[in-house]
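Where a number appears in this text, it was derived from the coordinates with a stated rule and is not lab data. What you are looking at is a predicted structure, and each value in this text was computed from that prediction instead of being measured. Don't worry about glycine lacking a Cβ; one is built from the backbone with ideal geometry, like all the others, and counts go over all protein chains shown.
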Amino acid sequence: MTIHFDEDLAALLAGELSGDATRCAMAHLRHCGECTSALIDVAVAHGSLRSAHRNSIVTPSEQVEPLGPLVIPAPRWTKVVTLAASVIVVVALGIALVSVAGQSSSPKVSAVASLRHLDGPVEASGSAVVHVLPSALEMSVSTRNLPAAPPNHYYEVWLLDPTANKMLPLGLLSPKGSGTFSIAKSLMIQFPAVDVSLQANNGVAAHSNVSVLRGDVRTV
Amino acid sequence: MTDVNSITQGVGARDLDYAAGLRDGDERAFELAYREHGATVRNYVRRFVTVDEADDLTQQTFLELWRFHDRLDVSKPVLGFILGIARKRSIDHLRRRRHDVVDVNAIRSLMSTEGDALVDQLVWAAEVEHGLATLVAEQREVLVLAHFEDLTQVEIAERLGIPLGTVKARMARGMKKLAEKIERGDLL
């Protein structure tokens, strides 16, 4: 009775057979078409699994460091509605600007945010509009019914990552309650919200934890 | 040590099941794609940029996948399409680093044919892992222990408490099955 080596082929490729067993398998494979055919399957599977291991997508470090939450853009219908609203706003702004200052049309709006009160007065609100400029993004923040900052205080605008609770200062609001800030495009993905804080003029650069307005940025 | 289950569970979803949904803008398919391939994309871009930049680039990649989902060719692996986006974003990112030192090797491995080969290898690895995940549990288990944990057949028999002959038989059947799937192009 012929003894086949098909169940030892994996061990042969992995280098787990002894010298005698290896020579025995070799001699058998020279003459056994059945085992040679099986060897092709084992070799292909072996090489493919080695490749999968070498380029494995799951590494121990990835297992202990989960991915951050995915920022899913707004659904299409929301985009359409928002876009339509933005178009109206942009057109109105464009007409106003042209009529007042004789300037050319506004740059493209890429995102908007509606700012609602947090620690500030209930009647306070605001908005942020992100325009696309050739080299960067520009965010224009305007507020309504925001009282003048108390003596030795000022309002500051921040980009916010609510998930990681990270904040990035953009700059100060003018006494009229508005401001325009230049932003790198990548930051808008990393920080999907806008925050306006009331800061004491005490030399501390960190956020005061007094957020008067806040809103999520929505792409349009 | 790599957890056997983490490998096979990590490839549970099958591209063809959700590729069409992804192409049609289905949000659930988009989330599945992120869950399925997010770690791969981050691992890939991490070869060229810092950890923080890798997270940012991963988000950018999936944002672009969402924007251009209608360009997805559902007859090809989704991961290939996603890694193609990640590769372009990585190149753009490194080009913008005007004031930082840019790793020449990173640029080379992204932009040359070496960059194509790396993406192909990652896609192939993911396909093989898909195929592995579809084997019966007994065969998959011994193959993962042998190829992802580098255990010998004797060590596998000891770990699982089964005869060496059973390990050999399961391994032989599993490899034959996997080879058949590879030959038929039936890994996904």
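Tabulated data
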{"read-out": "Listed peptides B:130-141, A:147-158, B:81-92 by packing density, highest first (mean Cβ within 10 Å)", "value": "B:81-92, B:130-141, A:147-158"}
{"read-out": "For A:R23, B:R35, order by how many other beta-carbon atoms lie within 10 Å, fewest first", "value": "A:R23, B:R35"}
{"read-out": "Convex hull per residue volume in Å³, alpha carbons only, for the range A:108-219", "value": "95 Å³"}
{"read-out": "Inter-probe distance in nm under a simple model that places probes 7 Å from Cα toward Cβ, at A:N165 and A:N209", "value": "1.0 nm"}
{"read-out": "Inter-chain shielding of B:59-68 (mean C-beta neighbours from other protein chains, 10 Å cut-off)", "value": "3"}
{"read-out": "Charge dipole magnitude, Cβ of K and R +1, D and E -1 - the range A:1-44, Cα centre, debye nearest 20", "value": "200 debye"}
{"read-out": "Fewest-first ranking of A:S182, A:S48, using other Cβ atoms within 10 Å as the exposure measure", "value": "A:S182, A:S48"}
{"read-out": "Dipole moment magnitude, nearest 20 debye, the range A:114-220 about Cα centre, only Lys, Arg, Asp, Glu C-beta charged", "value": "140 debye"}
{"read-out": "Cβ neighbours within 10 Å from other chains - mean over A:37-47", "value": "5"}
{"read-out": "Cross-link partners of A:K108 among lysines (Cα-Cα below 20 Å; sequence separation of 8 or more within a chain)", "value": "A:K79, A:K185"}
{"read-out": "For the range A:153-220, convex hull volume per residue from C-alpha positions, Å³", "value": "98 Å³"}
{"read-out": "Other protein chain Cβ atoms within 10 Å, averaged over every residue that makes up B:84-93", "value": "0"}
{"read-out": "Cβ-defined net charge surrounding A:V194, 14 Å radius [Lys, Arg +1; Asp, Glu -1]", "value": "-1"}
{"read-out": "Alpha-carbon centroid distance for the pair the range B:41-95 / the range B:130-188, whole angstrom", "value": "32 Å"}
{"read-out": "Which of A:D8, B:D116 has the fewest Cβ neighbours within 10 Å, and the rest in rising order", "value": "B:D116, A:D8"}
{"read-out": "Qualifying aspartates and glutamates (Cα of each under 15 Å from Cα of B:K177; at least 8 residues distant if same chain)", "value": "A:D6, A:E7, A:D41, B:E127, B:E129, B:E138, B:E141, B:D186"}
{"read-out": "Gap separating the Cα centres of the range A:172-200 and the range A:15-52, nearest whole Å", "value": "65 Å"}
